[in-house]
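Colleague: Sharing a structure with you now.
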Amino acid sequence: MLGQLTSSQIEDLLRGEVIARIGCISEGRVYVVPVTYVYDGTYVWGHAMDGAKLRAMRAHPEVCVEVEHVDDMSNWRSVIAWGTFEECQGDDWDTGISLLLEHIMPLLKFPPHQPPPDLSALRRGSVYRIRLGDRTGRFEEVIGD
């Protein structure tokens, strides 16, 4: 069965995943790139070092975000949302990096009995957020016998 996700199912999917794809325009071409993210109900927050993704979003801040959860080829959920990129500074930078670390660090695996990784290099990167507007969600579900 194919169908549309409800608003609450869209919100749950956005909150529950950690990998999204951002679609943007880079040098006149469509550019889609996977990112780690956290969603707070208003913004998709991300962190990036300077490169093609940041240059593209700075030049064309209207972007698209896609998030999915796939159990198998016949059971999946997907959300597409359109939004506006904003590069963060000051307190917003700190808020974004804190949200990201809180959401993503528990999912990372580190060798036992080693000190935690040095995260100071993150300071050289940019924190950004995408204010989401319109959203749509679809699903496929095969119901067992």
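The values are calculated or read from the model by the stated rules, or taken from the named source; none is laboratory data. Computed from a prediction, not measured in an experiment: that's the story for all the values here. Every residue, glycine among them, receives a Cβ derived from its backbone with ideal geometry; neighbour counts consider all protein chains shown. We work out accessible area using only protein heavy atoms, side chains counted, and drop any ligands, DNA or RNA first. Shrake-Rupley method; radii C 1.70, N 1.55, O 1.52, S 1.80 Å.
Colleague: Could you tell me which trypsin sites (Lys or Arg not before Pro) in region 1-48 are loop residues by DSSP with no more than 11 other beta carbons within 10 angstrom of their beta carbon?
Modeller: Of the trypsin sites (Lys or Arg not before Pro), not one in the loops of region 1-48 has a Cβ with at most 11 other Cβ atoms within 10 Å.
Colleague: Among 72, 40, 50, which one shows the highest mean-square fluctuation when the chain is modelled as a Gaussian network with alpha-carbon springs under 10 Å?
Modeller: 72
Colleague: Follow-up question, since we're still on this one. Grab the other residues whose beta carbon is less than 11 angstrom from that of residue 76, score K and R as +1, D and E as -1, and report the net.
Modeller: Summing Lys/Arg as +1 and Asp/Glu as -1 gives -3.
Colleague: Which order do 78, 7 take when ranked by solvent-accessible area (1.4 Å probe, heavy atoms of all protein chains), largest first?
Modeller: Numbers: 78 25, 7 95 Å².
Ranked from most to least accessible, the order is 7, 78.
Colleague: Counting only other residues whose beta carbon sits under 14 Å from that of residue 137, what net charge do I get with K and R as +1, D and E as -1?
Modeller: Residues close to residue 137 contribute a combined charge of -4.
Colleague: So how exposed is residue 19, as accessible area in Å² (1.4 Å probe, rounded to 10)?
Modeller: Accessible surface of residue 19 is approximately 80 Å².
Colleague: Pull up all non-local amide H partners of residue 40: gap of 5 or more, or a different chain, and H-to-H distance under 5 Å with H placed in the peptide plane.
Modeller: Residues meeting the amide H criterion: 45.
Colleague: Determine one quarter of the surface area of the Cα convex hull of the chain, which equals its mean projected area, and express it in nm² to one decimal.
Modeller: 11.0
Colleague: Which helices, taking whole DSSP H runs in the chain, have alpha carbons extending 20 angstrom or more along the helix axis plus mean Kyte-Doolittle at least -1.0? Don't skip to the answer; put the middle values down first.
Modeller: On the way: long enough: 90-104 (21 Å, 0.00).
For the chain, where a helix must reach 20 Å along its axis and average at least -1.0, the hits are 90-104.
Colleague: Can you give the net charge of the other residues whose Cβ lies under 12 Å from the Cβ of residue 21, counting K and R as +1 and D and E as -1?
Modeller: Around residue 21, the charge tally is -2.
Colleague: If you don't mind, another one. Might you report the magnitude of the Cβ-based charge dipole of region 50-90 about its Cα centre, with Lys and Arg at +1 and Asp and Glu at -1, to the nearest 20 debye? If you can, show how the numbers build up before the last one.
Modeller: Numbers: 4 positive and 8 negative charges, 37 e Å.
Computed about the Cα centre, the dipole is about 180 debye.
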